[in-house]
Amino acid sequence: MVGSNDKVGSVRISAAELRACLRSGEARRFEIKDENNKAVVGHDKQKAEISLRFEKEGELEIEPQAGDEEAIAALTRRARLEVVVESARHLPKMDTMGTCDAYCVINYSGEERKSSVKKNTYSPDWGERLDFEVEGGGEVKEMVAEVWDYNIIGSNDKTRGGAAAMMVTERSLNTASCSLALVMMCMAVWHMQNPSHFGRRSALAQTPAQQTTELSFLQTSSFVDQIYMYAGLAVDNKHETGFIAKEIRKHNYQTMVRLFTSLDDATFRAVLWDQAVHCLVWPPFVRYPGISETAKTDLRAYTAAGNNVVFLGNYVAVQFMNDVYGFQLTDDYQNGPYYRNDRNVRNTPFQYLPSRVEQASIETYAVKSRSLPPGGKSMLDTLGATVAFVIRYDLGTVCYIGYNYNTPFHADQWTRVLHCAIDM
């Protein structure tokens, strides 16, 4: 359970196969293959398989003829491709002490969705739906389904061969245990021979230098494991949503970004009442979202209950925040760079940011610092304009980052800002 996540294998589903599965609407079993395109053999010497079913909502692959108004209209509507991850069978033994803690990752059209983890089983049953929102009338593309074995600590690494890898792991653990025992014996003997030194601390140990690097932050905190992100018609799903989801998971590969596409009262309330998720991210709006007063009330209640809501930047987001929470934020624009506000960042994730963050593009949207309500604190600002702030709202927080993540320039710095906001 401790170590890198191991890749059990993958399945490549061609566009033609996917079309056939969509037509049939029935679940299909696929053989799981390794890196060499050979079948993965399970613990019971049978070939490992995964069962998937595919559904669609809306029209795909439309070539409208002249005058076909219904087909032309379909091109302007979003379509949704749903992958139902049913189950897997005959998985191999992946853990030294245990069986397999399997989860599934679906990659389609540059986006990634991940299932939950089913622990300690060779035959996981998920029954979970993973949605991909696509352009209306869009072309069906190749899909890749991967099965991974989840481990508590580590990053995503590909497996390096079954029993032999486990033997190496066991030898390594035994060697490490013996080495640790030997070191402890030597320390005990030294303390017996030098009793006057026992318990003495050096001046350096008494006054450790304060570490303010992102590495020290990562070593002493854990990033959120699940996030909800809006991916409806009011945001740019073609260019920004998928990129922002990837940036959220950058260096935090265990984090699951769960997308929701509708703001109708029932769907939105189901998102806000999910007790397992305590962070909600709104990507930059391209238009004002259609949301009812009931949904606004639910969003305020969700925040006040101790949850974190993060808005990514433009002035539509500022107006939306004003309407929902009753703020009186005033937009402003100041050229960067932007500077960390050391008075406000203490004891927050923002204290580990660099002291200066460059302006990534002209599309950086600031708010006048003096328009922040009581309980609002600027984290990055310049000349009275803040591009990253946090507002305490009862037990929860409302965060704003005035950047729309539409350019790779200085993206690493702004990704760190995003991570800080999510981790509030």
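Key figures for this structure:
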read-out: Conditions (1) in contact (Cβ under 8 Å) with a residue 60 or more places away in the chain; (2) within 23 Å of ILE244 (Cα to Cα); (3) not charged (D, E, K, R); number of the one not met by TYR325; value: (2)
read-out: Qualifying residue in segment 74-82 (condition: at pLDDT 90 or above, in contact with a Phe, Trp or Tyr (Cβ under 8 Å, 6 or more places away or on another chain) and either closer than 29 Å to ASN151 by Cα or not assigned by the TED database to the domain that holds THR121 (or both)); value: no
read-out: Unmet requirement for GLN413, which otherwise passes all of (1) in contact with a strand residue (DSSP E or B) (Cβ under 7 Å, 6 or more places away or on another chain); (2) within 21 Å of MET321 (Cβ to Cβ); value: (2)
read-out: Hey, ARG370 closer than 30 Å to TRP273 by Cβ, open to solvent by 30 Å² or more (accessible area, probe 1.4 Å), in the same structural domain as LEU263 (by the TED database) and not in a loop (DSSP other than H, G, I, E, B) or not; value: no
read-out: Single unsatisfied condition, PHE243 versus (1) in contact (Cβ under 8 Å) with a residue 40 or more places away in the chain; (2) surrounded by fewer than 19 Cβ atoms within 10 Å (Cβ to Cβ); (3) assigned to a loop (DSSP other than H, G, I, E, B); value: (3)
read-out: Every residue from segment 291-305 that is of a type in the set (Val, Ile, Thr) and either under 19 Å from LEU233 (Cα atoms) or in contact with a helix residue (DSSP H, G or I) (Cβ under 6 Å, 6 or more places away or on another chain) (or both); value: ILE291, THR294
read-out: Number of positions in segment 114-128 that are open to solvent by 50 Å² or more (accessible area, probe 1.4 Å) and part of a strand (DSSP E or B); value: 3
read-out: Whichever residue in segment 259-302 is basic (Lys, Arg) and under 20 Å from TYR400 (Cβ atoms) and, among such residues, is surrounded by the most Cβ atoms within 10 Å (Cβ to Cβ); value: ARG300
read-out: Test: residue in segment 44-52 that is open to solvent by 20 Å² or more (accessible area, probe 1.4 Å), in a loop (DSSP other than H, G, I, E, B) and at pLDDT below 90; value: no
read-out: Neighbours by Cβ (under 7 Å, 6+ apart or cross-chain): first from segment 277-288, free of Cβ contacts under 8 Å to residues at least 12 places away in the same chain and within 8 Å of VAL309 (Cβ to Cβ); second of a type outside the set (Val, Ile, Thr) and open to solvent by less than 10 Å² (accessible area, probe 1.4 Å); value: none
read-out: Count - residues of segment 254-270 that are under 21 Å from GLY290 (Cβ atoms) and among the β-branched types (Val, Ile, Thr); value: 2
read-out: Yes/no for LEU312 being crowded, with 20+ Cβ neighbours inside 10 Å and under 20 Å from GLN226 (Cα atoms); value: yes
read-out: Residue tally, condition of a type outside the set (S, T, N, Q) and within 12 Å of GLU55 (Cα to Cα), over segment 16-34; value: 9
read-out: Matching entry among ARG356, ARG343 (being at pLDDT 90 or above, open to solvent by 70 Å² or more (accessible area, probe 1.4 Å) and within 26 Å of the chain's Cα centre (by Cα)); value: ARG356
read-out: Those residues of segment 21-34 which are in a helix (DSSP H, G or I) and open to solvent by less than 40 Å² (accessible area, probe 1.4 Å), in sequence order; value: CYS21, LEU22
read-out: Some residue of segment 375-395 being basic (Lys, Arg), closer than 26 Å to TYR302 by Cα and at pLDDT 90 or above; value: yes
read-out: Test set (1) open to solvent by 40 Å² or more (accessible area, probe 1.4 Å); (2) in contact with a helix residue (DSSP H, G or I) (Cβ under 8 Å, 6 or more places away or on another chain) - TYR400 fails condition number; value: (1)
read-out: Odd one out for TYR338, checked against (1) open to solvent by less than 40 Å² (accessible area, probe 1.4 Å); (2) among the aromatic types (Phe, Trp, Tyr); (3) farther than 13 Å from GLY402 by Cα; value: (3)
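The values are calculated or read from the model by the stated rules, or taken from the named source; none is laboratory data. Predicted, not measured: the structure shown is a model, and the values here were computed from it. FYI the Cβ positions are ideal-geometry reconstructions off the backbone, even for glycines, and counts take in every protein chain you see. With ligands, DNA and RNA removed, areas are computed over all heavy atoms of the protein, side chains included. Shrake-Rupley method; radii C 1.70, N 1.55, O 1.52, S 1.80 Å.
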